[in-house]
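S.K.: The structure follows.
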Amino acid sequence: MLTPDTLIAALDAIRSKQVSSAELVRKALDRIHRLDGHLHAFNSVFSDRALQLAKEVDAGTRTGPLAGVPIALKDNICTSFGLTTCSSHMLANFRAPYDATVVRKLEAAGAIIVGKTNLDEFAMGSSTENSAFGPTLNPWDTSRVPGGSSGGSAAALAAGMCCAAIGSDTGGSIRQPASFCGLVGLKPTYGRVSRYGLVAYASSLDQIGPFGRTCADVALMMNVLAGHDELDSTSVPGDVPDHLAELEKPVEKLRIGVVKEYLHTAGIDPQVSVAIANALDVYRAQGAEIIEVSLPHAEYAIAAYYVIAPCEASSNLARYDGVHFGHRTKQPVKDIVELFSKSRAEGFGDEVQRRIMIGTYALSSGHYDAYYVRALKMRALIRRDFDEAFKQCDVIVCPTSPIPAFKVGEKSGDPLQMYLTDVFTVTANIAAIPGLNVPCGLTDSAKPLPVGMQLLGPVFSEPKLLRIARMYEKATEWHKQRATL
Ligand code: GLN
């Protein structure tokens, strides 16, 4: 294992000179070189650059709150160094001309980006099997998926190849892989973290956020990542709270909402239900009140999401035509239209093409009102449901995923089955609220698999969500479990 493997312990060790940044980064790179041929968490690794930056930290010329720690970055976030592929043939050779705001912030804080991680092509998927470069495997059981679309970031952290990682979450892509890999993962409030330099999938839903091993690690990452950015017009102005300052302070008179409709959701694995019930007991023992709340429109969330997201994707991905951006066909073409269509047919994988077609259809005149406008109406209703629920409780607790990590290949032939696994995560993106995954159990299988609990709160409640999660973490040992590779 990488030791120390939590972000805060690694930073302490570097500061107290128990370990140098160069040693820690070298250890992370060694693990990548030893294990990643099999796991495939990374699309690219920046060994020389990372070691060079680590030496600057050790020499005292690079400082900051994350100075010297190895971090992994999802490969749909632009860097001025290396490639930004989105795990697509379309962008297999794309070099971004600039750094995303989060990259700038991480590097200004002294973090060392060791590499860029695999994802479902253009972040469309829940298993990382839609990568054009092959799937990532789950470090807990390599016959299983790590979740997705930020599966590479989650696997890299769970495998001890970095001390924290960055993902993006449009419908669960941070929280669900965090739950499959036994990590803490946060989708912040829409607008909390700048998306400048994130390759757009569905712009009204996309957020960037951190993976960590503990609530404190995620809180520290948020302190670095969050804040207004004039380069992202959807980023929210105003001060950012210190996510670490009150982390250890329990929330008094805590009221936890349990969603009535979720108790009857089909297809929840019994081991997931038991883990969540046990977690509620842990909170009860700390004096929390458990209240039943209702999200009457939650059952329409998947349908609304899988209209809105493809609609926005079909528009966002129009730029990849072999002229403006992306792969250009080498076949002979008779005109520009054929150039576009051949380039796009060659460059995009099946799932991306499926979404572009669904989105284009749903936005076409004659169908627009029946699909897109209806989905937006549903979105308004789901938002209202959450507003009502949060009048009665501080936080909603539910599973992150109805099932633990599934087998590679188990759902890749059946898109609908894959979409249904997002049932508990897409609502947070629809409602723009923050969602946090916390490890809350292990299955009893021969190779135990992590189970994750999701905490949902009102907009900008991240510091409180983390405090509530920390109450649980303090009382349990799940966050100390590690994949054995
Ligand atoms: N699984 C969802 C989808 O395929 C969410 C992906 C994401 O959050 N990027 O769209």
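The values are calculated or read from the model by the stated rules, or taken from the named source; none is laboratory data. Model, not experiment: these values are computed from the prediction. Reconstructed Cβ throughout: ideal geometry from the backbone, glycine too, with neighbour counts over all protein chains shown. Surface accessibility is based on the protein's heavy atoms, side chains included, excluding ligands, DNA and RNA. Shrake-Rupley method; radii C 1.70, N 1.55, O 1.52, S 1.80 Å.
S.K.: Quick check, is residue 441 among the small types (Gly, Ala, Ser) and farther than 19 Å from residue 257 by Cα?
M.R.: Yes; evaluated as a whole, the condition is true for this residue.
S.K.: Looking only at residues in the range 123-153 that are under 14 Å from residue 182 (Cα atoms) and not in a loop (DSSP other than H, G, I, E, B), which one is farthest from the ligand (Cβ to nearest atom)?
M.R.: Per the criteria, the residue is 141.
S.K.: Look through the range 429-480, keep the residues that are assigned to a helix (DSSP H, G or I) and over 23 Å from residue 288 (Cα atoms), and return whichever of them is most open to solvent (accessible area, probe 1.4 Å).
M.R.: 480
S.K.: Filter the range 79-95 down to the residues that are of a type in the set (A, V, I, L, M, F, W, C) and open to solvent by 10 Å² or more (accessible area, probe 1.4 Å) and list them by number.
M.R.: 81, 83, 92, 94, listed by residue number.
S.K.: Looking at (1) more than 18 Å from residue 121 (Cβ to Cβ); (2) more than 20 Å from the chain's Cα centre (by Cα); (3) open to solvent by 30 Å² or more (accessible area, probe 1.4 Å), can you tell me which one residue 2 breaks?
M.R.: If we test residue 2 against (1) more than 18 Å from residue 121 (Cβ to Cβ); (2) more than 20 Å from the chain's Cα centre (by Cα); (3) open to solvent by 30 Å² or more (accessible area, probe 1.4 Å), just (3) comes out false.
S.K.: So which residues in the range 1-25 are at pLDDT 95 or above, in contact with a helix residue (DSSP H, G or I) (Cβ under 7 Å, 6 or more places away or on another chain) and under 22 Å from residue 59 (Cα atoms)?
M.R.: 7, 8, 10, 14, 19, 20, 21, 22, 24, 25 - these are the residues of the range 1-25 that are at pLDDT 95 or above, in contact with a helix residue (DSSP H, G or I) (Cβ under 7 Å, 6 or more places away or on another chain) and under 22 Å from residue 59 (Cα atoms).
S.K.: Let me ask something additional. Quick one: residue 282 ticks every box in (1) assigned to a loop (DSSP other than H, G, I, E, B); (2) in contact with a helix residue (DSSP H, G or I) (Cβ under 7 Å, 6 or more places away or on another chain); (3) away from the ligand (no atom under 16 Å from the Cβ) except a single one, so which number is it?
M.R.: (1)
S.K.: Let me confirm something: among 54, 59, which residue is over 22 Å from the mean Cα position of the chain (by Cα), open to solvent by 10 Å² or more (accessible area, probe 1.4 Å) and modelled with pLDDT of 95 or more?
M.R.: On inspection, the qualifying residue turns out to be 59.
S.K.: A further question follows. Within the range 256-278, is there a residue that is open to solvent by 50 Å² or more (accessible area, probe 1.4 Å), in contact (Cβ under 8 Å) with a residue 60 or more places away in the chain and among the basic types (Lys, Arg)?
M.R.: No, every residue in the range 256-278 fails to be open to solvent by 50 Å² or more (accessible area, probe 1.4 Å), in contact (Cβ under 8 Å) with a residue 60 or more places away in the chain and among the basic types (Lys, Arg).
S.K.: Among the residues of the range 200-220, how many are open to solvent by 10 Å² or more (accessible area, probe 1.4 Å), outside any helix (DSSP H, G or I) and not small (Gly, Ala, Ser)?
M.R.: Selection size over the range 200-220: 1.
S.K.: Could you list, in sequence order, all residues of the range 318-345 that are over 26 Å from residue 415 (Cα atoms) and touching a residue at least 60 places away in the same chain (Cβ under 8 Å)?
M.R.: 325
S.K.: Out of (1) open to solvent by 60 Å² or more (accessible area, probe 1.4 Å); (2) in contact (Cβ under 8 Å) with a residue 60 or more places away in the chain; (3) under 30 Å from residue 84 (Cβ atoms); (4) within 16 Å of the ligand (Cβ to nearest atom), the odd one out for residue 315 is which?
M.R.: Condition not satisfied by residue 315: (2).
S.K.: Scan the range 154-175 for residues that are in contact with an Asp or Glu (Cβ under 7 Å, 6 or more places away or on another chain) and within 16 Å of the ligand (Cβ to nearest atom) and report the count.
M.R.: Within the range 154-175, residues that are in contact with an Asp or Glu (Cβ under 7 Å, 6 or more places away or on another chain) and within 16 Å of the ligand (Cβ to nearest atom) number 5.
S.K.: Let me ask another. In the range 163-199, which residue that is open to solvent by 10 Å² or more (accessible area, probe 1.4 Å) and among the aliphatic types (A, V, I, L, M) is farthest from residue 224 (Cα to Cα)?
M.R.: 199
S.K.: Examine the range 411-420 for a residue that is touching a strand residue (DSSP E or B) at 6+ places or on another chain (Cβ under 7 Å), more than 25 Å from residue 278 (Cα to Cα) and not hydroxyl-bearing (Ser, Thr, Tyr), and state whether such a residue exists.
M.R.: Looking for residues that are touching a strand residue (DSSP E or B) at 6+ places or on another chain (Cβ under 7 Å), more than 25 Å from residue 278 (Cα to Cα) and not hydroxyl-bearing (Ser, Thr, Tyr), one finds none in the range 411-420, hence no.
S.K.: Return the residue satisfying two criteria in turn: it lies in the range 362-405 and is among the aromatic types (Phe, Trp, Tyr) and assigned to a helix (DSSP H, G or I), and of such residues it is least open to solvent (accessible area, probe 1.4 Å).
M.R.: Of everything passing the filter in the range 362-405, 386 is least open to solvent (accessible area, probe 1.4 Å).
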